[in-house]
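Student: Can you read through this structure? Questions will come right after.
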Amino acid sequence: MVVYNPFHREIADNPYPIYRQLRDTAPVYYNEELDFYALSRFEDVLAGHLDPQTYSSAHGVTIEGFERANPFLIVKDLPEHFWHRKVVGRVFTPGRVADLEPFVRQKAAELLDPFVGAGGFDVVEQFSIRLPLEVISELLGIPESVRHDVHVLSDRIGARDESASTPEDAYAAVGELHGLLAGLVRERRTNPGDDVISLMMRSEVQADEDGTMRHMGDDELAFRFIELAFAGHETVAKLVANGVVALFWYPDQRAELVADRTLLPNAVEEMLRWDPPSQYQGRWTTRDVEIHGTTIPADRRVVLVTGSATHDERQFADPELFDIHRPIERHVSLGFGIHLCLGAALARLETRVAFDELLRRFPEYEVAPSGVQRTYGSNVRGLSALPIVTG
Ligand code: HEM
């Protein structure tokens, strides 16, 4: 019988064979030990995203769900979610994000130029973490002096050991990051700027159903600061590294991208589909739901398994193959529906520019397998070290 526990190392190392078994033999899977259901087929995952009334986010979006206690955007349900999303949504529209391209390109060049002729470097440490961290820090107004600390604490928030049910260090790291960012919020009160946090400070959200509006308090703003700082760099860092591995395994496609950069946008979608940095989205049922003849009772944890949905052969032909020419009508790697990734346009821009600048300087590279290291989290999948030899 298939066992799906995302905290088990062998599953985290390569979840795709287990996902296939789930889709074929247990599309509504129940894990008794951790008490959660898992939906693994594309159509079921998509339907879950499109029905936030039935699949609530308010109990957290991970299996352990510890983030539910904090006022993050991602754990809000309608109607509250609508108002909070509206405030930040206008900063991250494709149009506004497109204006950032020259800045992103300049940062990418600054990070990569020192390694031209150097023979090699670590993609994660030197590039894929730093690029999105620099960009989101500029948008949020995080001073250079604390950016490294923000990254180290974010890593600790995401990390899980195999027991996972008591992520004590993650709790502690949230507290430390809150302390650090709350200080910046207080500074912003006396000295507002044109950053996203100052914008949230100035904006009002609906307080209750009779239409009363309110401003967010410092504590609430600090949590939203944590959310943007964390989500704004940890995931892009993983996507770029996963893509570097894909193009090492498929050198013909890498050569095509070197010759023709207009193929990059679709290549980025394929990177998102092939090895999604966010492997599942947690939900909580608000009523009994019947799927494929199985009833999931109300008040149960359900995970929408993104990584499986994007490998569902019912939706994608030869899903294990990486193919930059694959026609991708839609995928769920950035979520779907009301919680569709707020930073989707930014993530796409950063990844496209990252590969444009990387392949321009290093059209040929090899991964040094002995140095590759994986991070282990709850739903985030990716590498913490990826040395390449650039010749
Ligand atoms: C490749 C990079 C990224 C991936 C794979 C990714 C993935 C996702 C996914 C799957 C969701 C939906 C979560 C759910 O339905 O429960 C989401 C939501 C979110 N993402 Fe991203 N993300 C990325 C980059 C970013 C960036 C750069 C930002 C910074 C602005 C960001 C901020 C957010 C926020 C705030 C939410 C919550 C949105 C809401 O609840 O309305 N993400 N992301």
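Student: Please list, ordered by first then second residue, the pairs with beta carbon atoms under 6 Å, 6 or more apart or interchain, first in the stretch 99-125 and at positive phi, second not in a helix (DSSP H, G or I).
Tutor: Gly120/Ile388; Gly120/Val389; Gly120/Thr390
Student: Is at least one residue of the stretch 77-85 over 20 Å from the mean Cα position of the chain (by Cα) and in a loop (DSSP other than H, G, I, E, B)?
Tutor: Yes, that holds for at least one residue.
Student: Still on this structure, please answer the following. For the stretch 168-197, enumerate the residues that are in contact with a strand residue (DSSP E or B) (Cβ under 8 Å, 6 or more places away or on another chain) and of a type outside the set (A, V, I, L, M).
Tutor: Answer for the stretch 168-197, where residues must be in contact with a strand residue (DSSP E or B) (Cβ under 8 Å, 6 or more places away or on another chain) and of a type outside the set (A, V, I, L, M): just Asp169.
Student: Just the residues that are under 19 Å from Ala108 (Cα atoms), buried (at least 18 other Cβ atoms within 10 Å of the Cβ) and among the hydrophobic types (A, V, I, L, M, F, W, C), please, taken from the stretch 342-391.
Tutor: Hits for the stretch 342-391 are Ala345, Leu346, Ala347, Leu349, Val353, Ala354, Phe355, Leu358, Leu359, Phe362, Leu386, Ile388.
Student: OK, next. Which condition does Gly337 not pass, out of (1) surrounded by 15 or more Cβ atoms within 10 Å (Cβ to Cβ); (2) of a type in the set (Gly, Ala, Ser); (3) more than 12 Å from the chain's Cα centre (by Cα), if it passes all the others?
Tutor: (1)
Student: Continuing with the same structure: Within the stretch 217-238, how many residues turn out to be crowded, with 20+ Cβ neighbours inside 10 Å and either of a type in the set (D, E, K, R) or within 12 Å of the ligand (Cβ to nearest atom) (or both)? Even if it seems obvious, please write down each step before you answer.
Tutor: Restricting attention to the stretch 217-238, the residues satisfying the condition of being crowded, with 20+ Cβ neighbours inside 10 Å are 221-226, 228-238.
Right, trim to either of a type in the set (D, E, K, R) or within 12 Å of the ligand (Cβ to nearest atom) (or both) and you get 223-226, 228-238.
Count: 15.
Each row is one residue, and each column tells you yes or no for (1) within 13 Å of the ligand (Cβ to nearest atom); (2) crowded, with 24+ Cβ neighbours inside 10 Å; (3) among the β-branched types (Val, Ile, Thr); (4) free of Cβ contacts under 8 Å to residues at least 60 places away in the same chain.
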site: Val240; (1), (2), (3), (4): yes, yes, yes, no
site: Val245; (1), (2), (3), (4): no, no, yes, no
site: Trp249; (1), (2), (3), (4): no, no, no, no
site: Asp252; (1), (2), (3), (4): no, no, no, yes
site: Glu256; (1), (2), (3), (4): no, no, no, no
site: Asp260; (1), (2), (3), (4): no, no, no, yes
site: Leu264; (1), (2), (3), (4): no, no, no, no
site: Ala267; (1), (2), (3), (4): no, yes, no, no
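Student: Here's something else I'd like to know. Being farther than 30 Å from Ile11 by Cβ, at pLDDT 95 or above and of a type outside the set (Ser, Thr, Tyr) narrows it down to one residue among Val185, Val116; which is it?
Tutor: Result: Val116 is the single residue among Val185, Val116 that is farther than 30 Å from Ile11 by Cβ, at pLDDT 95 or above and of a type outside the set (Ser, Thr, Tyr).
Student: Do we find that Ala69 is modelled with pLDDT of 95 or more, out of contact with any Lys or Arg (no Cβ under 7 Å at 6 or more places or on another chain) and surrounded by fewer than 19 Cβ atoms within 10 Å (Cβ to Cβ) in this structure? Give the steps one after another, and end with the answer.
Tutor: Details: modelled with pLDDT of 95 or more: no; out of contact with any Lys or Arg (no Cβ under 7 Å at 6 or more places or on another chain): yes; surrounded by fewer than 19 Cβ atoms within 10 Å (Cβ to Cβ): yes.
Spelling it out, it is not the case that Ala69 is modelled with pLDDT of 95 or more, out of contact with any Lys or Arg (no Cβ under 7 Å at 6 or more places or on another chain) and surrounded by fewer than 19 Cβ atoms within 10 Å (Cβ to Cβ).
Student: Could you grab the pairs with beta carbons closer than 7 Å, sequence gap of 6+ or different chains, first residue in the stretch 334-363 and free of Cβ contacts under 8 Å to residues at least 12 places away in the same chain, second one more than 7 Å from the ligand (Cβ to nearest atom) and in a helix (DSSP H, G or I)?
Tutor: none
Student: For Ala58, which of the numbered conditions (1) in a loop (DSSP other than H, G, I, E, B); (2) touching a Lys or Arg at 6+ places or on another chain (Cβ under 8 Å); (3) crowded, with 20+ Cβ neighbours inside 10 Å fails to hold?
Tutor: (3)
Student: Something else: Answer yes if at least one residue in the stretch 20-37 is assigned to a helix (DSSP H, G or I), among the hydrophobic types (A, V, I, L, M, F, W, C) and buried (at least 17 other Cβ atoms within 10 Å of the Cβ), and no otherwise.
Tutor: Checked the stretch 20-37: at least one residue is assigned to a helix (DSSP H, G or I), among the hydrophobic types (A, V, I, L, M, F, W, C) and buried (at least 17 other Cβ atoms within 10 Å of the Cβ).
Student: Under 9 Å by Cβ, and 6 or more places apart or on different chains, what pairs join a residue from the stretch 68-81 that is more than 13 Å from Pro52 (Cβ to Cβ) with one that is among the small types (Gly, Ala, Ser)?
Tutor: Arg68/Ser57; Arg68/Ala58; Arg68/Gly60; Ala69/Gly60
Student: Any residue at all in the stretch 93-100 that's within 14 Å of the ligand (Cβ to nearest atom) and either small (Gly, Ala, Ser) or not in a helix (DSSP H, G or I) (or both)?
Tutor: The answer is yes, given that some residue of the stretch 93-100 is within 14 Å of the ligand (Cβ to nearest atom) and either small (Gly, Ala, Ser) or not in a helix (DSSP H, G or I) (or both).
Student: With the structure loaded, tell me whether Pro143 is of a type outside the set (A, V, I, L, M, F, W, C), within 25 Å of Met201 (Cα to Cα) and at pLDDT 95 or above or whether it fails that test.
Tutor: Judged against the criteria, Pro143 is not a match.
The values are calculated or read from the model by the stated rules, or taken from the named source; none is laboratory data. Because the structure is predicted, anything quoted here is derived from the model rather than measured. All Cβ positions, even for glycine, are placed from backbone atoms using ideal geometry, and neighbour counts span all protein chains on display.
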